[in-house]
Structures are given as C-alpha cells and as structure tokens.
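To start, the structure itself, in structure tokens.
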Amino acid sequence: MQVLIVGGGPAGSLTAIHLAGKAEVTIVEEHPSAGFPVQCAGLISESCFKELRKFVSNRCLLNKIKGAFVFAPNGSFLELRGRSGAVVVERKILDAELLRKAADDAEVRIKTRFLNCSKNKALLSGMNGREVLSYDIIIGADGVASTVARTLNFPRPEILPAIQVECMFEPLDERMVELYFGKDYSDCFFAYAVPIGDTSRIGVIAHSPQLYFKNLVEKHPSVSSRVKGRIIELNAGAIPLKLVDFVKGNAALIGDAAGMVKPYTGGGIYYHLVAAQVLGRTFPNLNEYCREYLKKMGKEYRVGEKIASLYTVLSDEDYVNLVKVGKGVEKLAHELHMDSPSSLLKIIPNLAKLLAHPRLSAKLCRTLLSRF
Ligand SMILES: Cc1cc2nc3c(=O)[nH]c(=O)nc-3n(C[C@H](O)[C@H](O)[C@H](O)COP(=O)(O)OP(=O)(O)OC[C@H]3O[C@@H](n4cnc5c(N)ncnc54)[C@H](O)[C@@H]3O)c2cc1C
C-alpha cells in the first residue's frame with residue numbers, strides 16, 4: 001500500500017516512523033530541511049521528550065524546566081510546579097533528526113511541494129519539475145495552512161497569529177518559564193518567556209501580536225527592565241484554535257493541519273506524537289484512527305478549550321486577584337500535568353474551597369465546569 005505524507009515536520013516524520021513496515025511511505029517536504037523556519041518555543045514535557053528520545057539524540061536538548069511563574073498584569077506572580085518537569089528543545093535539530101529517522105523506512109523528497117490531488121494522484125513540484133505520484137492513502141501533515149486540507153475540502157480551524165523573538169533576557173529563574181496575562185499583553189491568549197541559557201524566547205499569541213509584543217517589552221512592570229540587547233531571531237507563526245474533522249475517505253490530517261494542539265497553550269508536539277502512535281496502531285483503518293484518537297484525547301480538548309476560554313472571561317483585576325488568592329494554593333499545582341488539561345479537574349473542588357475570593361471563584365467554576 002502506497003502512503004503519501006505531505007510535510008516533513010514533527011507530525012509527518014512521527015507518522016512515517018509509526019507506519020514503518022506497514023506501508024510504502026513517501027514524505028514530501030517543500031523546504032530543503034525540516035524545522036525551518038522555526039515557529040516554536042520548543043517547550044515539551046519530560047515524558048514527551050522521553051518518548052521522542054526513542055528516535056532522536058540528546059543534541060536538541062537546550063534546557064530543563066521546573067515550572068512556571070504566572071504573572072498578573074501588575075507584575076505580581078504565582079509560582080507553579082506541576083507533576084511533570086519540562087524541557088526546551090531546539091526544533092531545527094529535533095525536526096531534522098526525526099526526518100532522518102523517518103527516512104530509515106520511508107522515501108523522503110525534500111524541496112518537493114504538494115500542489116493538489118485528485119483521484120489518488122498527487123501533483124508535486126520538485127527539483128526536476130512537476131510530476132504525478134499515485135497513492136492509496138494521503139496524510140496531510142503540512143501544518144496550519146494545510147494545502148492537503150484545502151484541496152480535499154476539510155473544515156479549517158480558526159487560527160491565531162503569534163510572534164516570537166529570541167533575545168538577551170534576565171529570567172527570574174533560568175529553570176522557570178514565565179507566562180504574562182492581561183489585556184495589554186494579549187487580547188485573547190497570553191505572552192511568554194522561555195529561558196534557554198543566556199537568551200530567552202519571548203512570544204505573544206494574540207490578534208495583532210506585534211502591538212502586544214511592544215507593550216510587553218516596553219511597558220510590562222516586570223519584563224520591560226529585564227529585556228537586554230538586540231533581537232537575535234524573529235519568527236512569526238500561527239496556532240490553530242480547534243481540533244477539526246481529520247478523516248475523509250482515504251485521506252487523513254495530523255498535527256497542526258488537524259488543529260491538534262493543546263487548546264490553552266498552542267503546544268502541539270505531544271498531541272502529534274499521540275496521534276502518530278494511534279495512526280500507526282490503527283493503520284490502515286483511518287476511521288478507527290479518528291475514533292481512537294478522540295477516545296484518548298477528546299476530554300483533554302474539551303477541558304483545554306474551557307481553560308482557553310478563561311482568557312477572554314477574566315479581567316485584569318481577576319488576574320491580580322487570582323495571583324493574590326492563589327499564593328496559598330500553589331502547592332495544588334503538584335497535581336497538574338502539562339500534557340493533561342483534565343488534571344485540572346481534580347483540583348477544582350479544593351481550589352474553589354481555598355479561594356478567598358467568591359466572585360472569582362464562581363467565575364472559574366462557571367467556565368471550567370459548565371456542561372460537564
Ligand atoms: C510561536 C509558536 C510557539 C510554539 N511553541 C510551542 C512549544 O513550545 N511547544 C509545542 O509543543 N508546540 C509549540 N508550538 C506549536 C508547534 O510549533 C506546532 O504544533 C508544530 O510545529 C506543528 O507540527 P506539524 O508537523 O503539524 O507542522 P509544521 O511544523 O508546520 O510542519 C509542516 C511541514 O509541512 C511542510 N509543508 C507545508 N506545506 C507543504 C506542501 N504544500 N508541500 C510539501 N511540504 C509542505 C512545511 O515546510 C513544514 O516542514 C508553537 C507554535 C508557535 C506558532
């Protein structure tokens with residue numbers, strides 16, 4: 001059976017790795033290498049990295065992370081340390097090594113762009129001009145702007161733009177991520193700083209992210225004085241906001257193409273890894289791939305979407321109060337796992353009891369527990 005995978009990012013490579021020995025796989029990747037341009041902070045859980053280490057070396061490991069400082073707009077912050085540690089990886093290396101591993105069993109064609117497809121034939125444009133490739137199954141792993149999804153009329157998720165820079169920055173702790181909330185720093189999501197040694201990756205996910213980025217580095221009461229020196233790397237990207245239908249006949253989507261990201265952070269790599277494992281297990285039954293993935297991850301998406309909806313429900317004053325009253329309950333964060341939004345449900349009853357702010361408490365519970 002011939003499988004065409006469009007896209008040599010993590011979703012495409014992990015899919016090929018998990019299909020090894022089950023089909024004749026071709027990956028087409030439009031760029032000369034995977035992981036470029038970088039549109040990622042590189043933060044993944046330790047457990048996700050442990051799984052990826054089966055396929056890649058330690059070379060991509062940049063930093064180990066213990067937890068996160070969650071900032072209210074006035075500069076006050078909470079310290080949260082979850083059940084899992086995290087690591088920061090260099091995507092240029094991770095993606096290149098994953099693609100190399102995929103090439104053990106699959107044919108990899110770089111500098112080859114998928115243009116469109118019809119009746120099990122794909123039109124490609126590569127180094128030797130245009131060619132037609134026949135397939136039995138096509139997998140769109142071609143990212144948030146997926147051409148495969150558009151060609152085959154899959155529903156498309158709404159997307160949110162993001163910008164990220166790498167620059168000299170003094171983190172409060174070089175093993176802690178910083179998350180910045182408030183209407184001046186994102187209208188609907190958050191901003192962040194991920195430390196990687198002397199530099200940090202500072203990003204904003206928002207409508208008009210440039211505007212909020214400027215606010216963050218020039219006006220934020222804690223951040224503005226800690227940004228030092230010039231920008232080393234600037235990247236723009238987008239995150240999908242919703243999981244969409246991802247199987248249709250002999251075609252399937254995976255990764256950002258399917259909106260497979262944690263709804264309240266936009267982090268995708270763990271979600272793609274799980275999808276590739278499920279696809280490998282259920283192949284060639286694509287409907288089973290869909291059913292199993294939703295069975296395993298559906299609750300995580302539902303809870304994750306509720307958490308994400310808090311970003312537009314909470315006011316600046318609520319964030320300030322959250323940090324104030326949260327000081328006493330920081331230890332509850334030990335129950336949380338960064339890959340599992342539903343781990344939050346376990347602590348909600350305690351959280352509500354401990355929160356000394358009834359209005360905020362009611363707002364959190366109303367948003368997080370509705371329709372469960
Ligand atoms: C600013 C930002 C920060 C992020 N930070 C994190 C983070 O810290 N942790 C985390 O887990 N996730 C993070 N993410 C999300 C993560 O980067 C994505 O979920 C992940 O890169 C998606 O992988 P993918 O393989 O689905 O798509 P991509 O990585 O986009 O790969 C798709 C590949 O398909 C190729 N392609 C596209 N179209 C075609 C075509 N027509 N023909 C051939 N090839 C094609 C592209 O060249 C690309 O190599 C972040 C995203 C953004 C925007």
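Kindly report the accessible area of region 244-321 per residue (heavy atoms of protein chains, probe 1.4 Å, no ligands, DNA or RNA), in Å². Walk me through the numbers before you get to the answer.
Details: 2750 Å² over 78 residues.
Accessible area per residue: 35 Å².
Based on DSSP H runs of at least 4 residues, each adding -39500 (n - 2.57), what is the mean residue ellipticity at 222 nm of the chain after dividing by all its residues, to the nearest 500 deg cm²/dmol?
-10000 deg cm²/dmol
Against the longest alpha carbon principal axis of the chain, how many degrees, from 0 to 90 and to the nearest 10, is the axis of helix 209-219 turned?
The angle comes out near 30 degrees.
State the percent of C-alpha pairs, over all pairs in region 50-129, separated by a distance greater than 14 angstrom.
Above the 14 Å cut-off, region 50-129 has 76 percent of its Cα pairs.
Can you tell me which of Ile44, Ile231, Ile27 moves the most in a GNM of the chain? Springs connect C-alpha atoms under 10 Å apart.
Sorting by GNM fluctuation, first place goes to Ile231.
Counting only the backbone N, which residues of region 153-190 are under 16 Å from the spot 7 Å out from the Cα of Leu234 toward its beta-carbon?
Counting backbone N atoms under 16 Å from the label point, the list is 162-168.
Roughly how tilted is helix 286-313, in degrees to the nearest 10 and between 0 and 90, from the longest Cα axis of the chain?
30 degrees
Please report, as a whole percent, how much of the solvent-accessible surface of the chain comes from carbon and sulfur atoms (probe radius 1.4 Å). Provide the component values of the computation, followed by the final result.
On the way: 8560 of 16210 Å².
Answer for the chain is 53 percent, counting heavy atoms of protein chains only.
Which distance in nm do the two modelled labels at Arg59 and Lys295 give, with both placed 7 Å along the Cα-to-Cβ direction?
Each label point lies 7 Å from its Cα, and together they span 3.9 nm.
When DSSP beta bridges are limited to those with both residues in the chain, what percentage is antiparallel, rounded to the nearest 5? Intermediate values should be presented prior to the final figure.
On the way: 52 of 72 bridges.
About 70 percent, rounded to the nearest 5.
Filter the cross-link list Lys219/Lys363; Lys50/Lys111; Lys66/Lys327; Lys219/Lys327; Lys183/Lys306 down to pairs whose alpha-carbon distance in this structure exceeds 21 Å. Please report the intermediate quantities before stating the final value.
Values: Lys219/Lys363 28 Å; Lys50/Lys111 30 Å; Lys66/Lys327 18 Å; Lys219/Lys327 25 Å; Lys183/Lys306 19 Å.
Pairs exceeding the cut-off: Lys219/Lys363; Lys50/Lys111; Lys219/Lys327.
For helix 91-102, report the angle its Cα long axis makes with the longest principal axis of the Cα atoms of the chain; keep it between 0 and 90° and round to the nearest 10°.
So the inclination is approximately 30 degrees.
The values are calculated or read from the model by the stated rules, or taken from the named source; none is laboratory data. The structure presented is a predicted model; accordingly, all values stated were derived computationally and were not measured. As a convention, Cβ positions derive from the backbone with ideal geometry for all residues, glycine included, and neighbour counts pool all protein chains shown. Note: accessible area is taken over every heavy atom of the protein model, side chains too, but ligands, DNA and RNA are not part of it. Shrake-Rupley method; radii C 1.70, N 1.55, O 1.52, S 1.80 Å.
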